[in-house]
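S.K.: Following this message is one structure expressed as structure tokens.
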Amino acid sequence: MVVASGRSNRHVGAIADQLVQKLKEKGYRDLRIEGMPQCDWVLVDAGDVVVHIFRPEVRSFYNLEKLWSAHAPDDRIAM
């Protein structure tokens, strides 16, 4: 999982567009992309890797890093 930030909606969209273009050039064909119309949070699922691209405010609100950190409470970890 990769978590990244863009400075604005336009920047998030541009990062996602470039990522998708480069992945397609490398042979990835079954990409799943969510969030492109709004570009607050764009998710690019390439199978083995999932990329989250956020605007800074949205990234701090969802705080995905905390969910996946080693210090996450046990009750939040799915079994």
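The values are calculated or read from the model by the stated rules, or taken from the named source; none is laboratory data. The model shown is predicted, which means the values in this text are computed figures rather than measured ones. As a convention, Cβ positions derive from the backbone with ideal geometry for all residues, glycine included, and neighbour counts pool all protein chains shown. Heads up: the accessible areas ignore ligands, DNA and RNA and are worked out on the full protein's heavy atoms, side chains in. Shrake-Rupley method; radii C 1.70, N 1.55, O 1.52, S 1.80 Å.
S.K.: Given segment 1-45, what strands (runs of 3 or more DSSP E) lie entirely inside it while holding 1 or more residues that are open to solvent by 70 Å² or more (accessible area, probe 1.4 Å)?
M.R.: In segment 1-45, the matching strands (runs of 3 or more DSSP E) lie at 32-34, 41-45.
S.K.: When only residues in segment 50-76 that are of a type in the set (A, V, I, L, M) and at pLDDT 95 or above count, which is surrounded by the most Cβ atoms within 10 Å (Cβ to Cβ)?
M.R.: My answer is Ile53.
S.K.: Let me ask another. Taking segment 46-58 as the region of interest, how many residues are touching a residue at least 12 places away in the same chain (Cβ under 8 Å) and either part of a loop (DSSP other than H, G, I, E, B) or of a type in the set (Asp, Glu) (or both)? It would help to see each step written out before you state the result.
M.R.: Step one: of segment 46-58, the residues touching a residue at least 12 places away in the same chain (Cβ under 8 Å) are 46-47, 49-56, 58.
Then drop every residue that is not either part of a loop (DSSP other than H, G, I, E, B) or of a type in the set (Asp, Glu) (or both), which leaves 46-47, 49, 55.
The total comes to 4.
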